[in-house]
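The values are calculated or read from the model by the stated rules, or taken from the named source; none is laboratory data. These numbers come from a predicted model, not from an experiment. Because the Cβ atoms are built from the backbone with ideal geometry, glycine has one as well, and the counts that use them run over all protein chains shown.
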Amino acid sequence: YPKGPDWIRKEVKLHLGLDLAGGAHLEYETDLSKIETQDRSSAVEATRNVIEERVNALGVGEALVQTNKTKEGYRIIVELPGVTDIKQAIERIGDTPVLEFKEEAEPIPLTEEEKFSRAQFNKEQKVKAENLLKELGSATDEKFAEKAREFSEDLGSQEKGGDLDFVEKGVFVPEFDTVLFEKTKDNEIYGEVVETPFGYHLIRRIESHCKNKKDNAIAPCGDKKEGGDIVEEVRGRHILFRTQSLDPKQPLEQWKNTQLSGEYLKRAGVQFDQNTGFPIVSLEFNTDGARLFEEITARNVDKMVAIFLDGNVISAPRVQQKITGGSAVITGTFTLPEAQELAKRLNAGALPLPISIVSQYQVGATLGASAVEQSFLAGIIGMILVVIFMITFYRLPGIIASVSLLIYTLIIITLFKLIPIVLSLSGIAGFIMSIGMAVDTNVLIFERMKEELRAGKTLHAAIDEGFSRAWSSIRDSNISTLITAFVLILLGESLVKGFGITLSIGVLISMFTAITVSKVLLKFIARRGGGGGWAWGIEKFKVQNLSADRQD
C-alpha cells in the first residue's frame, strides 16, 4: 500500500521539561557594565548563541537556552535534560568562546632514521625488479602477464596482468612515456628497470597502431604529423614495485596554531563587494591583532588561513596579498543571511559577555520519572472524579460534557506534541486546572438550560437559550483567566511560564469544545426526542416533534 509523507508518518513525542525528564538547571547573570546601552540586547543574544553551541557540543538532546530580562539586567537560563555531571556542564558552558586563526601546516621533514629505512626499502625493491627482469629475459606476453599478476603492486593493472590498454603519448609520466613510445618496439621487453615517482617498473610493449582522432579510425602511421589528426597509440604491460617517498611527510593535522585569536578582534560586520555585489564579512583587529595578522598574511600568500570558532572551521579564505592596517574581509558566495550569521558568530566569539552563575540545581532521572507517573495519575483521577460528578448531577448532559471533555483532552495533547510545548510540572498543573474550567463552562450552560426547561420551554429552545444566556458569563470569566495567564507568560520565571502557557491554551480549547462540541451533541439528542425529563434532571419538559426539530 502507498505510504503517506514522512511528516505524517513520523512519531511525535511529548517534550518533557527538566522537572519531569531529569537533568540540570543553570542560571547565569550577564555583566553589561562595559557594553553600550544600544548594544546590550544584541550582546546578550550573541552570548546566548555561544552558550547554545557549547550545549550542543555536549550532545544534550532538547536542551533549552533562553534569555530572561530582570530588573538588574539580563539572565541566561540553561536547561539540560538528562545531564548528570552538572560540574562538567558548568565548566563547558562557562569557558571563554575560542576564536582562532590558523595557517596551513608545513610538511614534516623525515628524520635520518626514517630516511635510511625508506632508502633501504627502495633498494630492496630495485633488486627485486632487476632479478625479475633477468628471469623474464625475452619472455612471451603470456609469461609477462602471469608475473604481473603475481608481483605487480599496481592493483589496477595487476587484475589485468599489467595490461595498460592503448594510450596516446602524454598519458603517463615522462620517464614511462619515453620508454614505451621511443625506446621499445612491438612485442619487446625493455632491458632496464625504469624508475618513476611511483616506484620501479618493468615495461613490455605489446603492439601499436595509428588512428585518426576525428573518427577514431585506424590510419597509416606514415601520415602522422606533429600536431595533426593522426596519432600513435601503444598498448603495453608493466610490473610495478612501489617505493617510499623520501620527501617530507604531510602532517596529520591540516592546520597549525598562530597567536592570533578572538581577543584581538574588535568587531565583524557585513558589507557588499563593489565589483560583484556579493555580501562580504569585514574584520577589524586592535593594534596587536593588526600586527599579528600582517605577519600571518605575509607568510601565507596564495595559501589559506582558517578561522576557527570553538574548534570548528567556519571559514578558510585564501590570502591574496599581505594585509596591513588591521582590517580584512572574508569573501565568498555568501547570501546576505549567511554573511550576517557569520558576522554574528565572529562577534559572539570576539565579544563574549562576562557571565556568573547565580543559580543551579539538578533533578534526578528517578525523581523525574516519579513526577511523570504521579502527574499522569493525578490527571486520570481528576478526570474520573469530574466525570462522576457531572453524570451524577446532570445525567445525560453530564455524559455529553464527559464526551466533550475527552475530545478536549485529545486536542490538547495533540497540540502539545505538534507545537511543541515543553511540558513541566507547572504545565501539567495548568492543564489539570483547565479541565475544571472546561467543565465549569458546561455547568453554566446546563444550569441555564434547566431554568428554561422548568419555565416550560421546549428542549430545543432551552438548549439555544441556555447557550445564549451563559455566553456572557463564560466569556468574561475566560477573558479574566487569559489575562492572568498572559501576565504569567510575559513576566514570570520559566516554571511559572509553563503554567501560564498550558492554562491559556486549555482555556481557548475548552471554550471551543464546551460551546461547539457540546452544543452539537445536545442538538443531536434533542432531534431524537431528548430521553425524558429524568435524563435532564427535572420532572418534565416539553419536547418538540421530530419534524419541527429537523427544520431548525
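When the residues of region 353-401 are narrowed to those that are touching an Asp or Glu at 6+ places or on another chain (Cβ under 7 Å) and assigned to a helix (DSSP H, G or I), which ends up modelled with the lowest pLDDT?
Selected residue: Gly368.
Looking for something hydroxyl-bearing (Ser, Thr, Tyr), over 26 Å from Glu106 (Cα atoms) and modelled with pLDDT of 85 or more - is there at least one such residue anywhere in region 269-276? Before the answer, list the steps.
Of all residues in region 269-276, those hydroxyl-bearing (Ser, Thr, Tyr) come to 276.
Narrowing further to those that are over 26 Å from Glu106 (Cα atoms): 276.
Filter once more, so that each one left must be modelled with pLDDT of 85 or more: none.
The answer is no; no qualifying residue exists.
I'd like the full set of residues that are closer than 30 Å to Ala119 by Cα, part of a strand (DSSP E or B) and of a type in the set (A, V, I, L, M, F, W, C), limited to region 229-249.
Matches in region 229-249: Ile239, Leu240, Phe241.
Looking at region 170-180, can you tell me whether even one residue there is modelled with pLDDT under 95, in a strand (DSSP E or B), under 56 Å from the mean Cα position of the chain (by Cα) and assigned by TED's automatic domain parsing to the domain that holds Val234?
No.
Does any residue of region 162-169 turn out to be without any contact (Cβ under 8 Å) to a residue 24 or more places away in the chain and either under 48 Å from the mean Cα position of the chain (by Cα) or surrounded by 13 or more Cβ atoms within 10 Å (Cβ to Cβ) (or both)?
Scanning region 162-169 turns up no residue that is without any contact (Cβ under 8 Å) to a residue 24 or more places away in the chain and either under 48 Å from the mean Cα position of the chain (by Cα) or surrounded by 13 or more Cβ atoms within 10 Å (Cβ to Cβ) (or both).
If the Cβ limit is 6 Å and pairs must be 6+ apart or interchain, which residue in region 318-329 that is farther than 13 Å from Leu265 by Cα and among the basic types (Lys, Arg) pairs with which residue that is at pLDDT 85 or above and crowded, with 18+ Cβ neighbours inside 10 Å?
Between residues of region 318-329 that are farther than 13 Å from Leu265 by Cα and among the basic types (Lys, Arg) and residues that are at pLDDT 85 or above and crowded, with 18+ Cβ neighbours inside 10 Å, the close pairs are Lys322/Thr297.
Hey, among the residues in region 434-480 that are closer than 18 Å to Tyr394 by Cβ and under 45 Å from the mean Cα position of the chain (by Cα), which one's surrounded by the fewest Cβ atoms within 10 Å (Cβ to Cβ)?
Only one residue tops the list, namely Gly436.
So which residues in region 413-428 are assigned to a helix (DSSP H, G or I) and in contact with a helix residue (DSSP H, G or I) (Cβ under 6 Å, 6 or more places away or on another chain), if there are any at all?
Matches in region 413-428: Leu425, Ser426, Gly427, Ile428.
This table checks each residue for (1) outside any helix (DSSP H, G or I); (2) in contact with a helix residue (DSSP H, G or I) (Cβ under 7 Å, 6 or more places away or on another chain); (3) not aliphatic (A, V, I, L, M).
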position: Ile76; (1), (2), (3): yes, yes, no
position: Lys87; (1), (2), (3): no, no, yes
position: Glu91; (1), (2), (3): no, no, yes
position: Lys123; (1), (2), (3): no, no, yes
position: Leu132; (1), (2), (3): no, yes, no
position: Glu135; (1), (2), (3): no, no, yes
position: Asp165; (1), (2), (3): yes, no, yes
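Does Ile218 meet the test of being touching a helix residue (DSSP H, G or I) at 6+ places or on another chain (Cβ under 9 Å) and among the hydrophobic types (A, V, I, L, M, F, W, C)?
Values: touching a helix residue (DSSP H, G or I) at 6+ places or on another chain (Cβ under 9 Å): no; among the hydrophobic types (A, V, I, L, M, F, W, C): yes.
In short, no.
Mind listing whichever residues of region 259-307 are part of a helix (DSSP H, G or I) and among the hydrophobic types (A, V, I, L, M, F, W, C)?
Ala290, Leu292, Phe293, Ile296, Ala298
Taking Leu110, is it touching a Pro at 6+ places or on another chain (Cβ under 9 Å) and either of a type outside the set (Ser, Thr, Tyr) or in a loop (DSSP other than H, G, I, E, B) (or both)?
Yes.
Identify all residues within region 205-228 that are assigned to a strand (DSSP E or B) and either exposed (fewer than 13 other Cβ atoms within 10 Å of the Cβ) or touching an Asp or Glu at 6+ places or on another chain (Cβ under 7 Å) (or both); write none if there are none.
Those that are assigned to a strand (DSSP E or B) and either exposed (fewer than 13 other Cβ atoms within 10 Å of the Cβ) or touching an Asp or Glu at 6+ places or on another chain (Cβ under 7 Å) (or both): Arg205, Ile206, Glu207, Ser208, His209, Cys210, Lys211, Asn212, Ile218.
What number of residues within region 437-489 are touching a strand residue (DSSP E or B) at 6+ places or on another chain (Cβ under 7 Å) and either under 15 Å from Ser404 (Cβ atoms) or small (Gly, Ala, Ser) (or both)?
Adding up the residues that qualify gives 1.
Within region 484-507, is there a residue that is under 24 Å from Arg395 (Cα atoms) and either at pLDDT below 80 or assigned by TED's automatic domain parsing to the domain that holds Ser375 (or both)?
No, there is no match, as no residue in region 484-507 is under 24 Å from Arg395 (Cα atoms) and either at pLDDT below 80 or assigned by TED's automatic domain parsing to the domain that holds Ser375 (or both).
Take Thr297 and tell me if it is in the same structural domain as Gly262 (by TED's automatic domain parsing), at pLDDT below 85 and hydroxyl-bearing (Ser, Thr, Tyr).
Spelling it out, it is not the case that Thr297 is in the same structural domain as Gly262 (by TED's automatic domain parsing), at pLDDT below 85 and hydroxyl-bearing (Ser, Thr, Tyr).
May I ask you to say which residue of Asn68, Asn56, Asn49 is modelled with pLDDT of 75 or more and in a helix (DSSP H, G or I)? Even if it seems obvious, please write down each step before you answer.
On the way: Asn68 fails: in a helix (DSSP H, G or I); Asn56 fails: modelled with pLDDT of 75 or more.
Of the residues listed, the single one that is modelled with pLDDT of 75 or more and in a helix (DSSP H, G or I) is Asn49.
Got a sec? Which of Thr258, Thr184, Thr196, Thr243 is modelled with pLDDT of 85 or more and closer than 30 Å to Asn312 by Cβ?
Answer to the selection: Thr258.
Of everything in region 481-507, what is of a type in the set (A, V, I, L, M) and buried (at least 19 other Cβ atoms within 10 Å of the Cβ)? Give them in sequence order. Explain how you work it out, then say what you get.
Here is the first cut: in region 481-507, the residues of a type in the set (A, V, I, L, M) are 482-483, 485, 487-491, 495-496, 501, 503, 505, 507.
Result: Ala485, Leu488, Ile501, Leu503, Ile505, Val507.
Of all residues in region 139-161, count the ones that are surrounded by fewer than 18 Cβ atoms within 10 Å (Cβ to Cβ) and farther than 14 Å from Tyr200 by Cα.
13
So that you can scan it fast, the table gives a plain yes or no per residue for (1) in contact (Cβ under 8 Å) with a residue 60 or more places away in the chain; (2) closer than 19 Å to Ile435 by Cβ; (3) in contact with a helix residue (DSSP H, G or I) (Cβ under 6 Å, 6 or more places away or on another chain):
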residue: Asp464; (1), (2), (3): no, no, no
residue: Arg469; (1), (2), (3): no, no, yes
residue: Arg475; (1), (2), (3): no, no, no
residue: Thr516; (1), (2), (3): no, yes, no
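Can you find a residue that is within 26 Å of Glu142 (Cβ to Cβ) and surrounded by 12 or more Cβ atoms within 10 Å (Cβ to Cβ) anywhere in region 248-267?
First pass over region 248-267, keeping only residues within 26 Å of Glu142 (Cβ to Cβ): none.
No - not one qualifying residue is present in region 248-267.
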